[in-house]
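Engineer: Below are the structure tokens for one structure; questions will follow.
A short reminder: the numbers here are calculations on the coordinates, not readings from a lab. For clarity, every value in this text was computed on a predicted model and none was experimentally measured. Counting neighbours? That spans all protein chains shown, and the Cβs are built from the backbone with ideal geometry, glycine included.
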Amino acid sequence: MKIFIIGYTHVKDDKRVFKTVELLSRKHEVIYQYLSTNKEESYRKNNITYIPLKISNTLGRRTRFENIKNLVKFDKKIINLIKNVEYDILYLHYFLVMFPLKAFKIAKRKGKTVVYDVHEYHPENHLKNFKGIKKTLKENFMWYILRKQFFLSDKLIFVSKEMQLDMFKKTDVKKPYLIVPNYANILLKSKKAKEIAFVGKTPRNIRFEKEIIKKLFSFGFSFKIIGMDSEYFKDIPHEYTSFLPYEKMMKELSMASFSLISYKSFGSETKNYQYSFPHKFFDSIAANTPVIVNERFISMSKEVEKHGLGVIINPENVEKSVDKIVNAYENYEVILKNIEKYKKLYVWDKEKEENFVNFVTK
């Protein structure tokens, strides 16, 4: 069986996308399209045919018209591949932005199975910086598009149960589905420092969280950013690492007392965060590190509350959040015991892998 995986603008080693490539290629032939930042040729290795595609430079000095023109060219390259490549299953990790229904329609006309992996809350996440009437019109249009995409799909994959329920309710489309969170790949333990870690390579709005961290300094905590540094953090003492390979990132994370997963977007994408299950949540539990989760993050908060994996805070209530974290540290061994008991739920294993492969291919 041949599976054509469209990574779209995800880079080759994107954790979620490449995990699907790796799992499906164990027993099936996979064709994998991904975004390349350099000029690369297609190549084959083991069961995977790699198809790197580059977008002409769309940043910096280019005009909006040039950006759109380059994205249209990029989408048309993928459309041509979907038309001409031989495959049995089309697996989409995103839709073609300039032609949001085209990939689905071509695959259906060819009589192929379409699997749509929805790991963003597209009506909000797409063009997330729109505001006011533009935002309203955009979201209405994107719900129309999402409904059509679901109708044209044979199987759907969601990152959380809450996202699946919400989207099925709003689209009124019911299709076979599987919940596939961003499970961690390895389990790890290390000696702990009295440290709050913040993981990620994407800058986030943590205005209130900064105030919490500043107050925690007086209780002996330090603050480390794993994966980036930014001018945004210049007003708060911290250590940082550059972007790290996965195993090294996990090692750093495993040495922290808590992993901070509380922030806002600089755009407008409330539900994209509410229903998210980011890698940093699963990686934190797998690294034996309790989490500090924003109460607005519904999917993550439910897990933390259900299994006692850390602290749930309202970051706008700075004093109460500090008290909760300090209290959690005083009862740290209880939380670690809970993590030890439940952490295998948050890591890929043979059963999870087989369920995923069978759902896609059977």
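Engineer: I'm a student and want to see the number: the projected area of the Cα convex hull of the chain, averaged over all directions, in nm². Each step should come with its number before you reach the end.
Structural biologist: Values: hull surface 74.7 nm².
Result: a mean projected hull area of 18.7 nm².
Engineer: While we're here: With just the Cα atoms defining each centre, how far is segment 180-205 from segment 1-70? Give it in Å.
Structural biologist: Here the two parts' Cα centres lie 26 Å apart.
Engineer: Here's a follow-up. Which value in Å is the Kirkwood Rh of segment 195-346 over different Cα pairs? Don't skip to the end; give the middle numbers.
Structural biologist: Values: mean 1/r = 0.0650 Å⁻¹.
Answer for segment 195-346: a Kirkwood hydrodynamic radius of 15.4 Å.
Engineer: Taking the chain as a Gaussian network, where each spring joins two C-alpha atoms under 10 Å apart, which residue of I89, I51, I68 fluctuates the most?
Structural biologist: Top of the fluctuation ranking is I68.
Engineer: Could you identify which residue out of D235, D323, D14 has the top mean-square fluctuation in a GNM of the chain using Cα springs shorter than 10 Å?
Structural biologist: Among D235, D323, D14, the largest GNM mean-square fluctuation belongs to D235.
Engineer: In this model, which of K83/K135; K201/K344; K128/K161; K15/K324; K76/K135 are farther than 30 Å apart at the alpha-carbon?
Structural biologist: Details: K83/K135 33 Å; K201/K344 26 Å; K128/K161 23 Å; K15/K324 32 Å; K76/K135 27 Å.
Among K83/K135; K201/K344; K128/K161; K15/K324; K76/K135, the Cα-Cα distance tops 30 Å for K83/K135; K15/K324.
Engineer: What number of lysine-lysine pairs in segment 202-272 show an alpha-carbon separation below 21 angstrom, given a sequence spacing of 8 or more or placement on distinct chains?
Structural biologist: 14
Engineer: May I ask you to give the average projected area over all directions of the convex hull of the Cα atoms of segment 305-362, in nm² rounded to one decimal? Show your work: numbers first, answer last.
Structural biologist: Values: hull surface 22.7 nm².
Mean projected area for segment 305-362: 5.7 nm², to one decimal.
Engineer: Ignoring everything except DSSP H segments at least 4 long, calculate the 222 nm mean residue ellipticity for the chain; use -39,500 (n - 2.57) per segment, divide by total residues, nearest 500. Please report the intermediate quantities before stating the final value.
Structural biologist: On the way: 14 runs with 154 residues, N = 362.
Calculated from helices alone, the mean residue ellipticity at 222 nm is -13000 deg cm²/dmol.
Engineer: May I pose another question? Placing +1 on the Cβ of each Lys and Arg and -1 on the Cβ of each Asp and Glu in segment 195-346, which of V199, L216, A328 has its Cα farthest towards the positive end of the resulting dipole?
Structural biologist: The one lying farthest along the dipole's positive direction is V199.
Engineer: Using 20 Å as the Cα-Cα cut-off, could you pick out the over-long pairs in K12/K148; K175/K362; K73/K155? Could you put the intermediate results ahead of the total?
Structural biologist: Working: K12/K148 28 Å; K175/K362 15 Å; K73/K155 28 Å.
From K12/K148; K175/K362; K73/K155, over 20 Å: K12/K148; K73/K155.
Engineer: What are the DSSP H helices in the chain that stretch 24 Å or more along their long axis, judged by alpha-carbon atoms, and whose average Kyte-Doolittle hydropathy comes to at least -0.5?
Structural biologist: Numbers: long enough: 64-84 (30 Å, -0.46); 132-152 (30 Å, -0.15).
Sorted by number, the helices that extend far enough and score high enough are 64-84, 132-152.
Engineer: Local charge sum around G132 (other residues, Cβ-Cβ under 13 Å, Lys/Arg +1, Asp/Glu -1)? Each step should come with its number before you reach the end.
Structural biologist: On the way: positive: K131, K134, K135, K138; negative: E139.
For residues surrounding G132, the net value is +3.
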